[in-house]
Amino acid sequence: EAKKRGKNGFCEFTPTMAVSKARRLDIEKALSHRNVFDQFHLVYQPIFARNGIEIKGFEALVRWHSPELGVVSPTEFIPIAEESGKILALGEWVCKTACEFIEHSNRQDFFVSLNVTPLQLEQPGFYRWFTKLMQTKGIIPSQIKIEVTESALVSADTQMTESLELFIESDIDVYIDDFGTGHSSLARLKSLPATGLKIDKAFVDDVSHCIKAYRLIKTIAAIAENFQLTVTVEGIESESQLRALEHLYHHQLQGFLLGKPLIHTDAIQLIQIPPTCAQERTFEREPT
Ligand code: C2E
Ligand code: MG
Ligand code: MG
Ligand code: MG
């Protein structure tokens, strides 16, 4: 019943459909709670320079601990929030919280990368609202990156494209997230409003023991290089993967091997430690 026929007769399966109808309704209801954002917090996963030691910034990732539903994963509730429109308020909360994090750090030498959804970017006032927020918090353009999934860009409308172009013009980088997984055609690369891409974990998983996987990721890196796009490789979990990636064109690395998502205070502590000592420190994992 939940399966819709796509225009070419294939079943289209979206992440939201993996969630049962009852669960969906529970999540929607819990999301409409008056002070629901009191149940949310952000964690910050470090993003490293290609040496794997120097921290360039963090990706902000939202966490929800609902009193009724327990821990709900963003992969489950973000698509639901997007469909119900709740993502606008949630997105605002994420932006504000991340900007406060930067403000509290009292530093300008790192960035926070924010995941934003189409509905946010389709708001004509989003760019102005966000840059004003940055101003009031004393945040400079190099401290913010915007991540948009490749699948979102495929169906980008003019307002969304315009928003992304405004960010790029004001020196705020725009990364295509989950690159290679979103049914985008290579032809679209000509016109995508982006300055960088994040190579999805799916390409990294078997890179160390499968020659075809290695060639695939090498090809993506070469395409990015030709388009002068910044490359972040995501989802690195093992030393052998890290070694396999060594000779590829890339700028930044992210993954559980190098750093797990951290709570606010641990993330701030991490950037205050000089790179050479950073590895000796151990941090508590984010509470789950
Ligand atoms: P994403 O933007 O691709 O974020 C990366 C996801 O991969 C995160 O999952 C992160 O915890 C996980 N990850 C990072 N390194 C590794 C690794 O080495 N191994 C494995 N197995 N996983 C790794 P998370 O936090 O569950 O987020 C899932 C997705 O939810 C994100 O994918 C993003 O699309 C979305 N999301 C998270 N926070 C936000 C947000 O504030 N706003 C929006 N719109 N979406 C968000
Ligand atoms: Mg992301
Ligand atoms: Mg990603
Ligand atoms: Mg992803």
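Coordinate-derived values only; no laboratory data. Worth saying up front: this structure is predicted, and the values here are computed from it rather than measured. Cβ: placed from backbone, ideal geometry, glycine included. Neighbour counts: every protein chain shown.
Taking only C-alpha pairs under 8 Å that are 6+ residues apart, what is the relative contact order of the chain in percent?
Relative contact order comes out at 17 percent.
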For the chain, what ratio Rg/Rh do Cα atoms give with a Kirkwood hydrodynamic radius?
0.95
Which whole-Hz couplings ³J(HN,Hα) result when phi for each residue of the stretch 30-47 is put into the Karplus expression 6.51 cos²θ - 1.76 cosθ + 1.60, θ = phi - 60°, listed in order with x for Gly and Pro?
4, 6, 8, 3, 4, 9, 4, 6, 5, 8, 9, 8, 9, 10, 10, 8, x, 10
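Counting other beta carbons within 10 Å of each residue's own, what order do K21, K56 fall into, fewest first? Before the final figure, lay out the partial values.
Working: K21 10, K56 19.
Ascending Cβ contact count within 10 Å gives the list K21, K56.
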I want to verify a result. In a Gaussian network model of the chain, Cα cutoff 10 Å, which of these has the top mean-square fluctuation: P261, P67, P141?
P67
Quick one: net charge of L257's neighbours, Cβ under 13 Å, K/R +1, D/E -1?
-1
Could you list which residues have their amide H under 5 Å from that of F58, counting only those 5 or more apart in sequence or on another chain, with H placed in the peptide plane?
I47, F111, V112, S113
To make sure I understand the rule: partners must be aspartates and glutamates, Cα under 20 Å from the Cα of K29, and not fewer than 8 residues away in the same chain. Which ones qualify?
D38, E68, E76, E82, E83, E92
Specify the residue with the greatest mean-square fluctuation among Q269, Q120, Q254, computed from a Gaussian network of the chain linking alpha-carbon atoms under 10 Å apart.
Q269
Which whole-Hz couplings ³J(HN,Hα) result when phi for each residue of the stretch 185-201 is put into the Karplus expression 6.51 cos²θ - 1.76 cosθ + 1.60, θ = phi - 60°, listed in order with x for Gly and Pro?
8, 4, 4, 5, 4, 4, 10, 5, x, 8, 10, x, 9, 10, 6, 5, 3
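Are there GluC sites (Glu not before Pro) in the stretch 171-268 that DSSP marks as loop and that have at most 13 other Cβ atoms within 10 Å, and which are they?
Numbers: sites: E225, E234, E237, E239, E246; in loops: E234, E237, E246.
Sparse-neighbourhood loop GluC sites (Glu not before Pro): E246.
Report the charge-dipole magnitude of the stretch 117-214 in Debye, nearest 20, computed about the Cα centre from +1 at each Lys and Arg Cβ and -1 at each Asp and Glu Cβ. Don't skip to the answer; put the middle values down first.
Values: 9 positive and 14 negative charges, 33 e Å.
Dipole of the stretch 117-214, to the nearest 20 debye: 160 debye.
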Could you go through the stretch 145-150 in sequence order and give the Karplus-derived ³J(HN,Hα) for each residue, using 6.51 cos²θ - 1.76 cosθ + 1.60 with θ = phi - 60°, rounded to whole Hz, and x for Gly and Pro?
10, 10, 10, 10, 5, 4
Using a 10 angstrom cutoff on alpha carbons, build the Gaussian network for the chain and name the most mobile of F111, F77, F58.
F77
Considering only C-alpha atoms, what is the centroid distance from the stretch 110-183 to the stretch 29-108, in Å?
15 Å
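F203: net charge of surrounding residues, Cβ under 15 Å, Lys/Arg +1, Asp/Glu -1, itself excluded?
Numbers: positive: K198, K201, K212, R215, K218; negative: E150, D177, D178, D200, D205, D206, E234, E237.
Around F203, the surrounding residues sum to -3.
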